[in-house]
Amino acid sequence: MARRNLNDLLAFVTVAREGSFTRAGAVLGVSQSALSQAIKALEERLEIRLLTRTTRSVSPTPAGERLLQAIGNRFDEIESELDALTELRDKPAGSVRITCGDWVLRTILLPKLMPVMHHYPDIRIEFDVSYGLRDIVADRFDAGVRLGESIDKDMIAIPISSKLRMAAVASPAYFAKNPAPKVPEDLTRHNCINIRFPSGGVYVWEFERRGRQVNVRVEGQAIFNTSPHIVLAALDGAGIAFLPEEEFAPHIEEGRLVRVLQDWCPPFSGYHLYYPSRRQHSPAFSLVVDALRM
């Protein structure tokens with residue numbers, strides 16, 4: 001029996017996962033038309049439609065979903081084994097994909113991982129900045145970075161930062177026109193700068209003092225989906241912002257931002273690198289973990 005060409009199966013898995021011929025083409029390094037032809041040939045060979053195509057997206061049919069579940073992880077396993085073979089080389093090589101937030105990327109990951117990339121030029125690290133709770137297994141990430149308290153119990157979690165504290169701040173100009181809040185409930189009378197998560201929800205500000213927890217749904221004119229813009233808006237006097245204190249630290253020290261409600265912001269678990277416990281890891285990934293470990 002003649003062996004089947006697996007290229008069209010890899011093309012199908014990539015298109016189904018990416019939900020786009022364009023994005024899948026970028027991942028595989030082939031043209032959109034070549035992918036379309038490969039999928040068409042696979043569907044004709046199997047005599048069944050695998051993908052539903054619309055003007056905006058591509059999604060698997062029930063048959064396509066069954067095929068994706070059956071073979072998708074097999075390609076992942078092959079890729080992992082190929083990466084693991086790099087331990088037989090003189091220098092580790094391969095790709096590591098990490099999803100994380102903007103601040104932790106700038107202040108923790110890049111400072112610790114740039115030396116690794118300089119020392120091992122065959123290692124490639126892809127950073128995906130996202131504030132959502134990504135499914136790193138389904139989205140094919142090697143690891144993610146989250147606050148320790150939000151990580152699933154079936155993941156391996158390694159601390160990569162000390163404990164954190166939140167900080168509520170605003171510019172001196174803002175507080176010159178508005179009285180500083182004394183308790184969290186006072187925030188409902190202020191213009192607050194908030195963050196919207198990829199899920200669509202807006203962050204509910206969380207405070208605690210002496211065991212008493214207070215959650216406040218704040219209102220304001222500005223909502224962002226990344227933290228650097230929140231810092232800039234606070235500096236411009238747009239209102240009160242609420243982020244980990246490290247994001248505001250230099251501006252607080254130099255008097256450009258004023259901190260309030262400090263006694264309502266206790267320390268909490270810091271950032272952790274997390275990854276599946278069942279996956280075999282490549283030497284490149286092991287180097288990344290060792291570099292980030294505290």
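The values are calculated or read from the model by the stated rules, or taken from the named source; none is laboratory data. Since the model is a prediction, treat every value here as computed from it, not as a measurement. So basically every Cβ, Gly included, is an ideal-geometry build from the backbone, and we count neighbours across all protein chains shown.
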Review point. Can you tell me how many residues in the stretch 104-118 are without any contact (Cβ under 8 Å) to a residue 60 or more places away in the chain and touching a helix residue (DSSP H, G or I) at 6+ places or on another chain (Cβ under 9 Å)?
Key: 1
Review point. So V145 fits all but one of (1) touching a residue at least 60 places away in the same chain (Cβ under 8 Å); (2) in contact with a strand residue (DSSP E or B) (Cβ under 6 Å, 6 or more places away or on another chain); (3) assigned to a loop (DSSP other than H, G, I, E, B); (4) under 30 Å from V13 (Cβ atoms); what number is the exception?
Key: (3)
Revision key, fill the gap. Expected single match for surrounded by 15 or more Cβ atoms within 10 Å (Cβ to Cβ), at pLDDT below 95 and aliphatic (A, V, I, L, M) among I223, I240, I195, I230 is I195
Practice item. Looking only at the stretch 153-181, count how many residues are part of a loop (DSSP other than H, G, I, E, B), of a type outside the set (G, A, S) and either in contact (Cβ under 8 Å) with a residue 40 or more places away in the chain or in contact with a Ser or Thr (Cβ under 6 Å, 6 or more places away or on another chain) (or both). Key: 5
Practice item. Kindly indicate whether P179 is more than 17 Å from E245 (Cβ to Cβ) and of a type outside the set (D, E). Key: yes
Point to revise | the stretch 49-85: number of residues that are buried (at least 16 other Cβ atoms within 10 Å of the Cβ) and free of Cβ contacts under 8 Å to residues at least 60 places away in the same chain | key: 8
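From A34, A38, A70, which residue is in contact with a Phe, Trp or Tyr (Cβ under 9 Å, 6 or more places away or on another chain), modelled with pLDDT under 90 and part of a helix (DSSP H, G or I)?
Details: A34 fails: in contact with a Phe, Trp or Tyr (Cβ under 9 Å, 6 or more places away or on another chain); A70 fails: in contact with a Phe, Trp or Tyr (Cβ under 9 Å, 6 or more places away or on another chain).
None of the others qualify; the one that does is A38.
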Exercise for review: Could you grab the pairs with beta carbons closer than 7 Å, sequence gap of 6+ or different chains, first residue in the stretch 29-48 and more than 11 Å from F12 (Cβ to Cβ), second one at pLDDT below 90 and not aromatic (F, W, Y)?
Suggested key: S31/G25; Q32/T22; Q32/G25
Study note, to complete from the structure: Going through (1) surrounded by fewer than 17 Cβ atoms within 10 Å (Cβ to Cβ); (2) within 30 Å of V260 (Cβ to Cβ); (3) modelled with pLDDT under 90 one by one, A173 fails only at (3)
